[in-house]
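Beneath this line is the structure, given in structure tokens, with notes to follow.
The values are calculated or read from the model by the stated rules, or taken from the named source; none is laboratory data. These numbers come from a predicted model, not from an experiment. Cβ sites come from the backbone with ideal geometry, for glycine too, and all protein chains shown count toward neighbours. SASA here: full protein model, heavy atoms, side chains in, ligands and nucleic acids out. Shrake-Rupley method; radii C 1.70, N 1.55, O 1.52, S 1.80 Å.
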Amino acid sequence: MRTPEAVLSWPKLFVPEAPKPGDKPVYSCTLVFLPDTDLSDMKKTAMAALVEKFKLEASEIAERTKLDSEDPDFIRWPFMDNPKKIAKKGYPEGSTAVNVKTYQKPGIVTQYADPVTGKPMPIQSEEDCKYGSVVMATVGENAYDKKGNKGVSFWLNNMQ
């Protein structure tokens, strides 16, 4: 699925980094969706993945995303919209942030077409895709149940 426009934060798109020592390096970033961005398609996709994975009703899943993260029934939801957490990160009030990652280097292109091929021109430099850039991404959802952690996340395919 293609995301709505977002502001790029914490981009690690050209050189992968390990989240913790010993972890496999990943390409990652945070997509910050400004207030009033329509995230309904992304939320429906995430909820459908959880319903399929855990065989629960959407209402029960929604309740479990509100539990304390130490509760064994807690289900992680990828949309960070808690006003205190948003403010702590320095994102605009009313924003929603979503972390995305991938083990494969994502394709990154500009909005401008190559005059010869007509396809969007690739971006090769971190200078051309940095913190604060306005982007859209193609992402896929992944419901998981690993090592006591349950939830849904988005993986990054490509970015423009």
In contact with a strand residue (DSSP E or B) (Cβ under 8 Å, 6 or more places away or on another chain) and at pLDDT 95 or above: which single residue out of THR30, THR65 fits that description? THR30
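Taking the stated definitions as given, is VAL152 open to solvent by less than 60 Å² (accessible area, probe 1.4 Å), over 26 Å from GLU63 (Cβ atoms) and among the aliphatic types (A, V, I, L, M)? Working first, answer last.
Values: open to solvent by less than 60 Å² (accessible area, probe 1.4 Å): yes; over 26 Å from GLU63 (Cβ atoms): no; among the aliphatic types (A, V, I, L, M): yes.
The answer is no for VAL152.
Would you mind stating whether TYR131 is more than 13 Å from ALA6 (Cα to Cα) and either of a type in the set (Phe, Trp, Tyr) or over 18 Å from the mean Cα position of the chain (by Cα) (or both)? Lay out the reasoning, then the answer.
Details: more than 13 Å from ALA6 (Cα to Cα): no; either of a type in the set (Phe, Trp, Tyr) or over 18 Å from the mean Cα position of the chain (by Cα) (or both): yes.
In short, no.
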If we keep only residues of region 1-42 that are open to solvent by 80 Å² or more (accessible area, probe 1.4 Å) and either assigned to a strand (DSSP E or B) or among the aromatic types (Phe, Trp, Tyr) (or both), then the residue nearest to MET136 (Cα to Cα) is ARG2
Selection over region 125-149 where residues are surrounded by 14 or more Cβ atoms within 10 Å (Cβ to Cβ) and either aliphatic (A, V, I, L, M) or not in a strand (DSSP E or B) (or both) yields a count of 8
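Yes/no per residue for (1) in contact (Cβ under 8 Å) with a residue 12 or more places away in the chain; (2) assigned to a loop (DSSP other than H, G, I, E, B); (3) more than 15 Å from the chain's Cα centre (by Cα):
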| position | (1), (2), (3) |
| --- | --- |
| THR45 | yes, no, no |
| LYS53 | yes, no, yes |
| GLU60 | no, no, yes |
| LYS66 | no, yes, yes |
| GLU70 | no, yes, yes |
| PRO78 | yes, yes, no |
| ALA87 | no, no, yes |
| PRO92 | yes, yes, yes |
Out of ASP145, ASP71, I need the residue that is touching a strand residue (DSSP E or B) at 6+ places or on another chain (Cβ under 9 Å) and farther than 17 Å from PHE33 by Cα. Which one? ASP145
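Can you pull out the residues in region 4-46 that are hydrophobic (A, V, I, L, M, F, W, C) and in contact with a Cys (Cβ under 7 Å, 6 or more places away or on another chain)? So that I can check it myself, show each step before the final result.
Residues of region 4-46 that are hydrophobic (A, V, I, L, M, F, W, C), as a first pass: 6-8, 10, 13-15, 18, 26, 29, 31-34, 39, 42, 46.
LEU8, TRP10, LEU13 - these are the residues of region 4-46 that are hydrophobic (A, V, I, L, M, F, W, C) and in contact with a Cys (Cβ under 7 Å, 6 or more places away or on another chain).
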Looking at this structure, is PRO122 open to solvent by 100 Å² or more (accessible area, probe 1.4 Å) and free of Cβ contacts under 8 Å to residues at least 40 places away in the same chain? no
Is there a residue in region 93-116 that is open to solvent by 30 Å² or more (accessible area, probe 1.4 Å), modelled with pLDDT under 95, on the phi > 0 side of the Ramachandran plot and not hydrophobic (A, V, I, L, M, F, W, C)? no
Filter region 55-82 for residues that are of a type in the set (D, E, K, R) and either open to solvent by 60 Å² or more (accessible area, probe 1.4 Å) or farther than 20 Å from VAL98 by Cβ (or both) and give the result. LYS55, GLU57, GLU60, GLU63, LYS66, ASP68, GLU70, ASP71, ASP73, ARG76, ASP81
